1. Does LEU555 satisfy being modelled with pLDDT of 95 or more and within 28 Å of MET465 (Cα to Cα)?
2. Being surrounded by fewer than 24 Cβ atoms within 10 Å (Cβ to Cβ) and under 17 Å from the mean Cα position of the chain (by Cα) is the filter here, so list the residues in the stretch 456-480 that pass it.
3. In the stretch 270-288, is there at least one residue being in the same structural domain as PHE167 (by TED's automatic domain parsing), aliphatic (A, V, I, L, M) and more than 26 Å from GLU8 (Cβ to Cβ)?
4. Are there any pairs with C-beta distances below 6 angstrom linking a residue in the stretch 162-173 that is closer than 12 Å to ILE290 by Cβ to a residue that is among the polar types (S, T, N, Q), with the two at least 6 apart or on different chains, and if so which?
5. Do any residues in the stretch 272-292 that are touching a residue at least 40 places away in the same chain (Cβ under 8 Å) have Cβ atoms under 6 Å from those of residues that are in a loop (DSSP other than H, G, I, E, B), where the two are at least six apart or on different chains, and which pairs are they?
6. Name, by its number, the condition in (1) in the same structural domain as GLY294 (by TED's automatic domain parsing); (2) in a helix (DSSP H, G or I) that does not hold for GLY164.
7. Only one of these conditions is not met by TYR114: (1) in contact with a Phe, Trp or Tyr (Cβ under 6 Å, 6 or more places away or on another chain); (2) among the aromatic types (Phe, Trp, Tyr); (3) assigned to a loop (DSSP other than H, G, I, E, B). Which number is it?
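The values are calculated or read from the model by the stated rules, or taken from the named source; none is laboratory data. Note that the coordinates shown come from a computational prediction; the quantities given were computed from them, not determined experimentally. Here the Cβ is made from the backbone with ideal geometry for all residues, glycine too, and neighbour counts use every protein chain on show.
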Amino acid sequence: MPEILTLEQRKTRFAEAFDKCKHRIVICAGTGCMAGGSMKIYHRFREVLKSRGLSVTVALEKEQAEYTLTESGCQGFCQQGPLVTIKPEGIIYTKVSPDDVEEIVEKTILGGEYVERLLYKLPENGQPVAKVENIPFYKLQNRLMLGLCGNIDAHDIDEYIYHGGYFQARRAAMEMTDKEICDEITASGLKGRGGGGFPTGLKWELTRRNESDQKYVICNGDEGDPGAFMDRCVIEGNPHAVIEGMIIAALAVNATYGYIYVRMEYPLAVKRLKEAIKQARDAGILGDNIFGSGKRFDIEIKEGAGAFVCGEETALIASIEGKRGMPTLKPPFPAEKGLFGKPTVINNVETLATVPIVLRMGTTEYAKLGTENAKGTKTFALTGHVANTGLIEVPFGTTLRQIISDVGGGVIDDNGNLVGIDFKAVQIGGPSGGCLTKEHLDMPLDYDNLKSVGAMVGSGGLVVMNQNTCMVQIARFFMQFTQNESCGKCVVCREGTRQMLALLDDIIEGRATMETLELLEELANMVKIGSLCGLGKTAPNPVLSTMKYFRDEYLAHVVDKRCPTGNCEALASYKIIPEKCKGCSVCSKKCPVGAISGELKNPFVIDGEKCIKCGACIASCKFGAIVKG
């Protein structure tokens, strides 16, 4: 059996190879950039560097070379991918293709110059920015947990150790008692990042107190919210942080076995987790004698089939046990009777990856971040009508305005153009969350503030919407999702969400009356109160929040039979703007039902009774004279 190196020896070995490296080329190899062809860029760099007679290696090979190629996880700036970062200079190139590699090597790697056309351009003035730290998207974040995610080699345990990885797990195993670990996490104020915001230290303490011959730790990586990709990116970019967090949790509650539950739609995350677990076992970090402490802890990966309800902890437990993923009544809670009837701690990916950081910083320093009731930072998947979509991390207490305008670069129109203040709403927390409006732009984001306005942090999805978004359609989108994903165990959720979806269809398709709105609101509150699990109880949130903040839009659909944004086809009306119409008659010739009439060289008109709202007239008009409203 080969000798097991200490953490210090591994750190030194990596540092020696790293110090001899002139340039490090970091290619983003998260799922988003890989879909954009980043691995072709990676292989092209190897070809070009070798063709120049330069010594090049990857960190995994443990060879000493002047140039190192690194596959990182998600670097966060997804809108600008594929991304390539040149170190130690910190130059970042955006929207790179394999055809750009030779120029990067010649000008930057060998010549010390910038390839200006690949630099990020500030949207307000087109000024190129070369350094990562000067790009507003990064500059305004606090990437505490994501700091290593897009910078280190996702395949290399030694680089994680080089940056302080596994030292806190070893300290917990060798120097701390189970109660001391729980107390330190409790003192930090760390709360669960998966949605509910339950105090992590308290959850661990409750599990620790329950005596049992076997206990378990589960990492919940079943990230099913539309528009959410935080957990996936953390696993892909820094899987060892998740493993270290699980080890610390296990030591806190005296568990000896753990499961990472990841949905099978995340093949890259699963692949990198398997690789990281093997590396940790080989290093003596997982197994029968972790860090030589005599304590045992090992981890197994469980791939879920993609059911949204399996994000709920009791349904997740049932799935691991080989049963159908359906929630059960609580109590008993998993801390008392969880996996296989044994005390179990369940935390999500982000929570566990944050635990080593808390111990490394110390509870006092960590608790300085965030707000009084929400400590630390939170990752968000920023998507929708915003200039800079991607994975971000900001302290609790940051406002929506700061996230959307400063980090996100502002709201864009449907064609991707910046439109200034054309913000309408943001859906936070996915299907379990709610909509926030302009009046909430300066509200500090934390658990309590969001709860007070009918929303929640959730796992961290942030979908930004501009003024062209129909809020009734947004409510319907999330309701259709939750209705499809309902496990069907309780009638209130199974049938309630189905009926809510049918009522929303009536509104969108012009069949609704005022009684429809009253019934929808009443039914939403019944589902919220009567559903068995947390997912069912929060399913009506998008409907209730949009009805609260955009009631005029609902009334326009019901009373006026009109969609203010023109997105609901059944309620759309087409009209010709006389000032723009040239009287060319093209639209009337394209109309399949003869709904357009007029005289040549004079404005034409549309007969609303005959119009079937096919849109052929808009497509044929070269002068933009026909609008839908």
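1. yes
2. Matches in the stretch 456-480: MET456, MET465.
3. Yes, the stretch 270-288 contains a residue that is in the same structural domain as PHE167 (by TED's automatic domain parsing), aliphatic (A, V, I, L, M) and more than 26 Å from GLU8 (Cβ to Cβ).
4. ALA173/SER293
5. Final answer for the pair search is ARG272/ALA154; ALA280/LEU286; GLY284/ILE4; ILE285/TYR166.
6. (2)
7. Failed condition: (1).
Residue-wise test of (1) in contact with a Ser or Thr (Cβ under 8 Å, 6 or more places away or on another chain); (2) over 20 Å from ALA228 (Cβ atoms).
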| site | (1), (2) |
| --- | --- |
| THR363 | yes, yes |
| SER405 | no, yes |
| ASN415 | no, yes |
| SER432 | yes, no |
